[in-house]
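The values are calculated or read from the model by the stated rules, or taken from the named source; none is laboratory data. Computed from a predicted model, the values in this text were never measured in an experiment. All Cβ positions, even for glycine, are placed from backbone atoms using ideal geometry, and neighbour counts span all protein chains on display. Accessible surface is based on the protein model in full, side chains and every heavy atom, while ligands, DNA and RNA are left aside. Shrake-Rupley method; radii C 1.70, N 1.55, O 1.52, S 1.80 Å.
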Amino acid sequence: MTPTRLTAVTALLALGVAACGGTTKSSVTSAPAPAPASSSAAAKADPNAPIKQGLKIAFLPKQINNPYETIVDNAGIEAAKEYGGEAKEVGPSDASASSQISYINTLTQQGHDAILIAANDANAVCGPLQQARDKGIKIVSYDSDASPECRDLFINQASSEEVGRSQVKLLAGMIGNKGEIAILSATANATNQNTWIEFMKDELGKPEYKDMKLVKVAYGDDDDQKSFTQTQGLLQAYPNLKGIISPTTVGVSAAARYISGSKYKGKVTLTGLGTPNQMRQFVKDKTVEKFALWNPKDLGYLASYAAAALVSGQITGAEGETFKAGKLGERTIGKQGEVILGPPFTFDAANIDQFDF
Amino acid sequence: MAKVLRWDVMVGVLLIVVFGYGSLTSPSFATAGNLSFALSDLGEIALIALAMTMLVVAAEVDLSVASVLGLSSALVGSLWDAGLAIETIIPIAVLAGALCGLVNGLLVTRLGLPSLAVTIGTLALYRGLAYVVLGDRAVAQFPPQFVSLAVDDVPGTPIPYPVALFVLLAAIVGVVLHATGFGRSLYAIGAQEQAAFFAGIRVKRIKLLLFVVSGTVAAFAGVVFTLRYGSARADNGLGIELAVIAAVLLGGVDFDGGKGTLGGVIAGVLLIGLLRNLLMLGDVSTEIQSIVTGLLLIVSVLTPRLVSLAKPAALLRATSRANLKGSP
Amino acid sequence: MSDAPALALSNVSKSFGAVRALRDVSLELFAGEAHALAGENGAGKSTLVKTLAGVHRPDSGQVLLNGEPVVFAGPADAQQAGVAVIYQEPTLFPDLSVAENIFMGRQPRRSLGRIDRKAMHDATRELFGRLGVALDPEQPSRGLSIADQQLVEIAKAISRDARVLVMDEPTAALSGNEVARLFSVVEALREHGCAILFISHRLDEIFELCQRVTTLRDGEWIASEPVSGLTHDDLVRRMVGRELGTLYPKQDAEVGEVALQVERLTREGVFTDVSFEVRRGEIVALAGLVGAGRSEVARAIFGVDRWDAGAVSVDGVRLPAGSPTAAMGAGLALVPEDRRQQGLVMELSIERNIGLTGLRDLRKGVTISRKAERDRAKDWAVRLRLKFARLSDGVGVLSGGNQQKVVLAKWLATGPSVLIVDEPTRGIDVGTKAEVHRLLSELAGQGIAVLMISSDLPEVLGMADRVLVMHEGRLTAELSRAEATEESVMTAATGRAA
Amino acid sequence: MTTATAPPEQVSPARSARNLVDLVFRARELSLVIALAVLVGVTAGVNGNFLSSQGVQDILLNTSILALLAVGQSMVVITRNLDLSVGSVVGLVAFVTGDFLASGGGIVPAVLLGIAIGAGCGLLNGLLVSFCRVPALVVTLGTLYVIQGVDHYIAHGRQINAVNLPPGLLSLGNGSVLGVPYLPLITLVIMLAIGYYLRSYASGREYYAIGSSPEAARLAGVPVRRRILTAYLVSGCLAGLAGVLWLARFGTVIADSAHGWELLVVSAVVVGGVAITGGVGSVYGAALGALLLTTIGSALVVLRVNSFWQQAITGALLLLAISVDRVLALRVARLLRNRSRHG
């Protein structure tokens, strides 16, 4: 019977490979790291080169139905019009790395000048991005980074360290440096979230926060309903909880919504990263006192200009190079090709009505 | 149904039309690079579709394949993280897949449960286990020589290794399905299980085997998937069972069993893949792609029915079969 | 009462694919009359019943209600018009209670159209009282014996207060007492002006209950006449169309060694302690009422069902329980009762169906040799005088008789030493029937042991060397060819003597 | 059977057979209640907060939308069919009605709009399944894709924010009367109404008849197609209503509300004792199933169990439910067979 054979073939294949000797994680990681960032970095930057006209760039967000990403991308598309380029947004309807990869491949085939990506998985997108770069396409990651060796630039919304530490400071100020706190994150492998959380933990290690205790990091998967129920669970499981930090726009608004309608309103302090439009109601009804965010429009705008600068040869992605980003002025490339948008801005009842995004 | 109206042939024709249209309208469509991308994007779906074809021909279905793929990926990730050799990990992951298939098969054959219900249950169970194994972590940095096996083209051709493997397996499954006694048994089981059983065909054993094969192939696809993306995650392949089933049904395999050809299924897989590729190249949004996939699925089951309903004699058969279907 | 028949068929024809089930048939049912429908298996009785019931629509001809042509779009229309039907196979909802089965769609209502369960259960009890049945109205119908299911069907039909009651073999599974009670109820209905169409294979019942009889043969109308002027033989002649003798060409064969030995075979709740043997060259009939456990014994012997106790040996080799594959290997073959579900894969071609029992023998290397498959099919098609266009045609296009030949071919091709045939001539035309009988006789002559299950009493008496009779899961009689008469078999089958 | 000769003795085995069957099927819903009680008991023992009024309210609120969908789904499953498109209908309705309200629409028209959209989707499914006789699984899988695509097309990365919605709607989602939130009340009323209809009306019983034996139903003159169509219509309408309630409850919606819920709904229905092969079960059971699944989810968080287990447990429960049903059914059938033979 041949399907038995089919199984056998599969097994043999696997076993045959097994016979060749062991390849383990340690043997791979101890080997010299793969070649550092590709040859394009070796090219000479010409800060005075004009921005090329008719550039074709594409934004590839985590998923197209994420409103935050839509704001960022639309600002980037607007920016491209300013410098005479042509930009578009394409992307999958689910936030998975594999569907993003189909799009990277397609964009490569279509021959764009630059791809701007908010990576769903830093490593998974790496191979296809390398292939795109081999064809001369510039890669700029924004919002969520891809592995540094497979992109030219990372436009960071804010210094990760600053985001992490400032969130802790913000909350500590409101709860008087005392009590149990929890974090409501997005997915556990979201690169940006994890970096921030690391810095939060580091900040909490400082002596002035000795009375604050991080009891749980929960994951709402950037899914509104899941974030909502996770908040419920957190508050039940930890009755002494004093504060929650939710460094994700989906999480913080879901948590605010639950708290505003529950008995925990006024007892538990919530802060995090959210957009003013989402949070306005909860600031007004006093569920949330303060929260922070950068301007997502500026992020898209900056990423768009950075891509144009890269393609035009004004920069190569090396540390210390500078480029002009339209109305945002001159920006400098930091370590590992990072460009930082700026410090996060804190919103409260006094200033929230000045913003609309 | 008349030979000319055979659905699998129509899918083949449709495939040629799409290919022709793509080549004419999009300069980057019919390039080796693009087709190689498009094909390797289909790799796992195509692999799993091979096993699924045999199951559906035998009037069963396995909805848990994508979860088995995820579980296999999670196992690869966590074992790799734990420092095991990849050569040991791969057989373990594949074996785990076989075990998953065995559980499905035992529940279906021993307890006589409908495979639809069983595999909806294991769909949740196996995906859940994948999360339990690896959590929300993503494990990366697999050995380059293995990654390149999953990514690179066979030297001198624009054909990626997984696609070459698929061609090989497809040839085997094609022979099994269409030219061996085992294949004949599958069609007999699918069309009239009792008659097959009365003819001395070991129906339960064969079904059990099919589920094991399905689990094994899905787990193997999980290994390929993990290496190809260089990232092991519990949510890998989430939802691709629907794409697999869509391809199989689009290829003209009757959901009630007993009908369909492997050629049709391969045409179905390619049609879905190339159409998606073409839509993406044409900057057609994801939403429209989803609508097109759904419509294709509905049309693929609707058209053969409407053709057969047009004949009154066949109506009677279809009616009685439709009514028999699903009885415990 | 008007002179027009309550329900009538006028020149009705109906075909299924290539099979013409009814040809130009007319029938008139008058109020206050019990009308018998006689005909062999496959004569078109069930199709006629389904046409009256609105399940089938005639290809040509008309259905007349009180003399007016009507078109029943479906069973609901026919029921609306006052036609109640008891089908041959019970059609119950296994998950619903007995009372709900009886009153589905016509439940007694309370205010706001709600179902009045108490009234429904009371009405059911009252019905059961009239029929002398002791079933709980609230019991689910799953798990009822065939006889009980049939009784529920009868209660259902009677409860409709129908103007026309059609009963397709309602008594096949009933015991003598139950039949007597049913008849008294039917008699009462008839006196109230109900028209009754009655189908039975027990000719005595026709003579007892009915005033007129219509005979069908091969889908054609033969005669409609008063019962009073007829004898048994007249009726049989009309049904069969020739002298009985030629239908059962049984020749004596030399009886050899024991080929099939069944010892104290038991399947709990189905049959108990069944022991018998069949010798080479012998045709042994297994008779009994529907539901007596005959087919179940055959299924267990062949391994389709498991047995709980006892043993089966073929040519001295013991068989494991529950393995058709092992049974086939030992030389057993089973031509099952239900041709469409169990005997054939309707969607596959003639050659593939015949090849299905020999997938191992037809191998050439790994793959099936299409030539060997075709040769095997061609060989047997010729030997059994199969009428077909192409071997690659689906078996669905063949007539019932030819389909049965394909089933036989499929099994004879395995070269069995024991052949079990379950209802070998059910639903096939008279010509083919005689051919099948001749074939069975020949096979016995070649030294094959044949075990034949049949509800067709003349067939049992005409073909068997010995007759085993079952009643409620037990063997109640073993009769030699000389001892076996219609009377003696029926006595044992209904347990009247026991 | 020799029933006619000795009726009095015959009654008792028949009675006890019925009692046995009754017991088994009652036990099915009873076992859910017991499981629920144990779960709640243990969880509350570990963390008293679980049974606080806020905790109970949360569970009821979380359950109500799932239970509403499960009630609709069980009507479809009872007729031996399946509706996988409910999740995407909820998503579509939540967004479209949100959009409608945000642009100034009234609440009542919005609710009607939501139900109408759901009814349209249900009608489409029902027509395809009942009149074209295509397998329900495949058709509703197809409409799942199509409806989801339409939803995403309309939303296109936009978001409906709570601040743009009328406060009346939001208070429907989070407000309560006498301490009992509106949402569970709405679900309860609908569940009782449909449960009562299915049990006490002639046409309601026909759904069970169709699922129990489609062929017999046809012969009994049951309007099979119309009933199946109605089942899908009801499922669609309830999914539409669930979409509006989703909007009211969560306030902020993007395109993928209830994404992937179809399997959760089917699980709730099957765990609740509605046989996937039709004909058996009740909407009460289905709602209980939804309550159990939701409670497990909440309990895991409160018990501080890794919430990754939740999905695995849901799957295992579903398998357990269908296996137990099957084994029990086989046992009962065997017992009944023996009784009827030896009775």
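Rank-order C:462-471, B:79-88, A:239-248 by packing density, defined as the average count of other C-beta atoms within 10 Å over each peptide's residues, highest first. Walk me through the intermediate numbers first.
Numbers: C:462-471: 24.1, B:79-88: 17.7, A:239-248: 21.8.
The densest-packed peptide leads the list: C:462-471, A:239-248, B:79-88.
Given a Förster distance of 30 angstrom, what is the FRET efficiency for D:Arg226 paired with B:Thr303, based on the Cβ-Cβ distance and rounded to 0.05? Present the calculation step by step, with values, prior to reporting the outcome.
Numbers: r = 25 Å, r/R0 = 0.83.
Using R0 = 30 Å, I get an efficiency of 0.75.
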Subject >> At least 15 Å along the helix axis (C-alpha) and Kyte average at least 1.0, DSSP helices within chain A >> reply: A:2-18
Original post:
Using the Karplus equation 6.51 cos²θ - 1.76 cosθ + 1.60 (θ = phi - 60°), what ³J(HN,Hα) coupling, rounded to whole Hz, does each residue of segment C:193-205 give in order, writing x for Gly and Pro?
Top reply: x, 7, 8, 10, 10, 10, 10, 7, 8, 8, 4, 4, 5
**OP:** Take the cross-link list A:Lys297/A:Lys335; B:Lys259/C:Lys371; A:Lys201/A:Lys297; A:Lys62/B:Lys259; A:Lys52/A:Lys290; A:Lys88/A:Lys335 and give me the ones stretching past 32 Å between alpha-carbons.
**Re:** A:Lys62/B:Lys259; A:Lys52/A:Lys290
Original post:
Rounded if a/c is under 1.5, else prolate if a/b is larger than b/c, else oblate: which is chain A, with a ≥ b ≥ c the root eigenvalues of its Cα gyration tensor?
Top reply: oblate
Original post:
Other chains near B:298-305: what is the mean number of their Cβ atoms within 10 Å of each residue's Cβ?
Top reply: 5
**OP:** Report, by chain and number, residues whose modeled amide H sits under 5 Å from the one on C:Cys194, excluding near sequence neighbours (fewer than 5 apart, same chain).
**Re:** C:Gly32
**OP:** Based on the mean of other Cβ atoms within 10 Å per residue, sort peptides A:323-335, C:291-303, C:167-179 so the most packed one is first.
**Re:** C:291-303, C:167-179, A:323-335
Original post:
Hey, what do the phi angles of segment C:47-56 turn into as Karplus ³J(HN,Hα) couplings, whole Hz, using 6.51/-1.76/1.60 and θ = phi - 60°, x for Gly and Pro?
Top reply: 5, 4, 4, 5, 5, 4, 7, x, 6, 9
Subject >> Prolate/oblate/rounded label for chain B (Cα gyration tensor, a/c 1.5) >> reply: oblate
Original post:
When Cβ neighbours within 10 Å are restricted to other protein chains, what is their mean count per residue of peptide A:89-99?
Top reply: 6
**OP:** Would you mind giving the total buried accessible surface between chains C and D, with a 1.4 Å probe and ligands, DNA and RNA left out, rounded to the nearest 100 Å²?
**Re:** 3700
Subject >> Within 10 Å of each Cβ in B:32-39, the average number of Cβ atoms from other chains >> reply: 3
**OP:** Would you list, by chain and number, the aspartates and glutamates whose Cα falls below 13 Å from the Cα of A:Lys284, excluding same-chain residues fewer than 8 positions away?
**Re:** A:Asp348, A:Asp353
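With a 1.4 Å probe and every protein chain left in place, work out the accessible area per residue of chain A in Å², rounded to a whole number. All intermediate terms of the calculation are to be shown ahead of the outcome.
Values: 13150 Å² over 357 residues.
I get 37 Å² per residue for chain A.
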Original post:
Among the aspartates and glutamates, which have Cα under 16 Å from the Cα of A:Lys265 when same-chain residues fewer than 8 positions away are ignored?
Top reply: A:Asp285, A:Glu289, D:Asp58
**OP:** At 7 Å along the Cα-to-beta-carbon direction for both C:Val258 and D:Phe131, put a label point, then send me their distance in nm to one decimal.
**Re:** 6.5
Subject >> Buried area at the C-B interface (accessible, heavy atoms, 1.4 Å probe, summed, Å²) >> reply: 2400
Original post:
Sorted by packing (mean other beta-carbon atoms within 10 Å per residue), highest first, where do D:137-146, B:193-202 land?
Top reply: D:137-146, B:193-202
Subject >> Within the accessible area of the protein assembly as shown (1.4 Å probe), percent carbon and sulfur >> reply: 58
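Place a +1 charge on the Cβ of each Lys and Arg in segment C:375-445 and a -1 charge on the Cβ of each Asp and Glu, then give the dipole magnitude about the Cα centre in debye, rounded to the nearest 20.
I would put it at about 180 debye.
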Original post:
Quick one: ranking D:Cys237, C:Cys210 by accessible area, 1.4 Å probe, largest first, what do you get?
Top reply: D:Cys237, C:Cys210
Original post:
Mind checking which aspartates and glutamates have their C-alpha under 12 Å from A:Lys138, skipping anything on the same chain fewer than 8 residues away?
Top reply: A:Asp113, A:Asp152
